[in-house]
Each structure stands twice: as C-alpha cells, then as structure tokens.
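One structure is given below, encoded as structure tokens.
The values are calculated or read from the model by the stated rules, or taken from the named source; none is laboratory data. Since we're looking at a predicted model, the values are computed, not measured. Positions of Cβ are backbone-derived with ideal geometry, glycine not excepted, and every protein chain shown enters the neighbour counts.
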Amino acid sequence: MSEKIAGAPTDAEERAKIEAQAADKAQARAEEEQQVTQARIAKQQAQALRREEERARQQREEARQKTEQAPKVEMPSSPATTANSRAAMEEVVALREQAEKERDRLQALGNEYDQRLRRERERDRVSALRSMGALASLTDEQLLSITPDIDPHSAGGKAQLAEWREANGGLFVVDEGPKIPTSSEILEHMEVKRSASGLYDEKFLAKMLRDNLGGS
C-alpha cells in the first residue's frame with residue numbers, strides 16, 4: 001500500500017492547479033484573439049486613411065496639371081477659391097497626422113503582443129523545467145538565462161529540454177525509487193518470539209526471510 005509523501009500535493013490540488021493553468025491559457029488565448037482583431041481593424045482604418053490621402057493628392061496633382069495647361073489669365077484670386085484650397089490642405093494635414101498616430105498605435109500594439117507571447121513562452125519553459133526536477137535553489141530568472149530559448153510545447157521543444165537536462169544533471173533533483181529493505185533490516189525492527197511449540201525461533205524466521213527476500 002503506497003503512502004502519501006509528506007508535503008506532496010494531493011490529487012485535488014494537482015487537478016486544481018491543472019485547471020487553473022488551463023483557465024489562464026484560455027484567457028490568454030481570448031485576449032490574444034481580441035488583440036489580433038483590434039489590430040486588423042486598426043490596420044484597415046489606417047489603409048483607408050492612406051487611400052483618402054492618396055486620393056486627395058491625386059486630385060491636387062490633377063488640379064495643378066490643369067492649371068499649368070490652361071491659358072494664364074491674370075485675375076485676382078477669389079476668396080472662395082482660396083478658402084477651399086486652405087481647407088483642402090488642412091484636411092490633408094489632419095489625415096496625415098491621424099495616419100501617423102494610427103501607425104504608432106499599431107506598432108505599440110504589436111510590441112505588446114510580442115512581449116505577451118514571450119512572457120507566456122518563458123513561463124511554460126520554467127514550468128516544464130520545474131516538472132523535470134530543476135533545483136529549487138535556482139530562481140526562475142536563472143533558469144531562463146541558462147536554458148535554451150525554446151518553446152516546450154513546440155515540435156521537439158520538450159525533447160530539447162530533456163537533452164539539456166541530461167547534459168546538466170547536477171541542476172536537477174534525481175528521483176530515486178522506493179528501496180526494498182533487506183531481511184536483516186526487517187528483523188532489526190521486528191519483534192520475534194519463539195513459537196509455543198518451540199519449533200520456530202528467531203533463526204528459523206531469519207532464514208525464511210532471507211530465502212524469500214534475498215540479502216543478508
């Protein structure tokens with residue numbers, strides 16, 4: 001009959017831990033999908049702004065070409081024309097500023113997304129190393145600095161970590177299986193009495209244990 005090791009997590013605690021990790025991953029995936037959707041929408045908006053700016057530029061260029069090709073007539077500028085030109089220029093400037101702000105926002109969003117992925121990857125790597133028996137004296141930061149930067153969930157990633165563990169066995173706790181006591185060790189902790197008939201004494205029991213368990 002197996003006994004629970006003192007301090008070892010119970011099955012309920014282990015299940016709760018696994019469920020909590022699964023919930024964290026599900027939440028992270030949902031946040032990641034939301035950010036990807038927001039980034040796609042923002043990219044579409046930025047593209048629309050650029051198209052509007054390009055259309056305004058083309059209109060200005062067409063107007064300039066028509067002006068150059070038309071006969072030059074000296075006439076005072078119309079206040080309405082001047083106002084329209086100024087409004088068009090202000091609109092172009094506003095569109096350009098808006099496009100630049102959107103570009104900066106998308107870049108910041110992409111950087112944040114990359115950082116989140118890196119944090120999750122490092123957390124999974126540390127978790128895998130701890131499950132392999134990494135020494136408790138090593139901090140998470142130390143493990144990340146000395147182990148290869150790989151994803152333990154990727155194809156071959158866990159195998160690479162296992163190879164690294166084999167090459168650096170001194171950094172991991174070696175699990176030893178249960179030790180079977182010898183017959184002598186059993187007799188040391190066992191109170192033996194002579195049978196009522198006197199046929200079976202300590203020597204007889206010791207010989208029976210040695211014959212069945214081996215050892216001395």
Checklist entry - In the stretch 117-130, is there at least one residue being of a type in the set (S, T, N, Q) and farther than 30 Å from residue 166 by Cβ? => result no
Next on the checklist: Tell me which helices (runs of 4 or more DSSP H) are completely within the stretch 106-198 and hold 2 or more residues being modelled with pLDDT under 85 and surrounded by 11 or more Cβ atoms within 10 Å (Cβ to Cβ), or say none if there are none.
Outcome noted: 183-188
